[in-house]
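Heads up: the structure comes next, in structure tokens.
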Amino acid sequence: MLLRSHPQRVGMGRISRGWEGRYYEDFEPGDVYIHPYGRTVTENDNIWFSLLTMNTNEIHFNSDYSAETEWGRPLINSALTLAIVLGMSVMDVSQNAINLGWEEIKLPNPVFAGDTLYAQTEVLEKRESKSRPQMGIVKVKTIGYNQNNVPVIELKRTIMVWKKQHAPRHKTLDKRIKFAEGR
């Protein structure tokens, strides 16, 4: 169950806490989070990301070269696909967490310029942290898919998530609410 503050009346308006992300207490094995935003990947995204990361494989930026492959056009850099899909999951999964690792990254189908990516994440397991009692460990599986619901990336990741009462976000938001109350 998510814990949310009730809006507080201040003068003529209300102060409402926005979405803070999930804390350790909010994760339950079996839960699936459908991440709300899609992202259309462009040719420029692909070229810039490939050059920024010094990836010199022409399959990502040379249309003439790519025309000679079975796909007939440039493929989106798989590291860009990974970055976008992980980014989509942050607000639901790791807004209050630290990544511990990724495993079993699979790329079952290619991504092309113009594809729109979506993602969902399933909670696989959770446990208390043995070394940091203010946090817990959560393992999830994220699937990224295109506009035709064709999976393009699957991965498992382990995160260390703050418990709400210890989270830096919770503490900084409390300070910001006190500021808003004084307006």
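Read the figures in this text as sums done on the coordinates, not as results from a lab. Because the structure is a prediction, the values reported are computed rather than measured. Here Cβ is always computed from backbone atoms with ideal geometry, including for glycine, and neighbour counts include all displayed protein chains.
Would you check if there is a residue in the stretch 19-37 being touching a helix residue (DSSP H, G or I) at 6+ places or on another chain (Cβ under 9 Å), in contact (Cβ under 8 Å) with a residue 12 or more places away in the chain and either polar (S, T, N, Q) or part of a strand (DSSP E or B) (or both)? Yes, the stretch 19-37 has at least one match.
Number of residues in the stretch 67-91 that are surrounded by 17 or more Cβ atoms within 10 Å (Cβ to Cβ) and small (Gly, Ala, Ser): the value is 1. Do the conditions hold for residue 50, that is, is it in contact with a Lys or Arg (Cβ under 6 Å, 6 or more places away or on another chain) and not in a loop (DSSP other than H, G, I, E, B)? Answer is no for this residue.
Please determine whether any residue of the stretch 113-130 is hydrophobic (A, V, I, L, M, F, W, C), assigned to a loop (DSSP other than H, G, I, E, B), surrounded by fewer than 20 Cβ atoms within 10 Å (Cβ to Cβ) and touching a residue at least 60 places away in the same chain (Cβ under 8 Å). Yes, the stretch 113-130 contains a residue that is hydrophobic (A, V, I, L, M, F, W, C), assigned to a loop (DSSP other than H, G, I, E, B), surrounded by fewer than 20 Cβ atoms within 10 Å (Cβ to Cβ) and touching a residue at least 60 places away in the same chain (Cβ under 8 Å).
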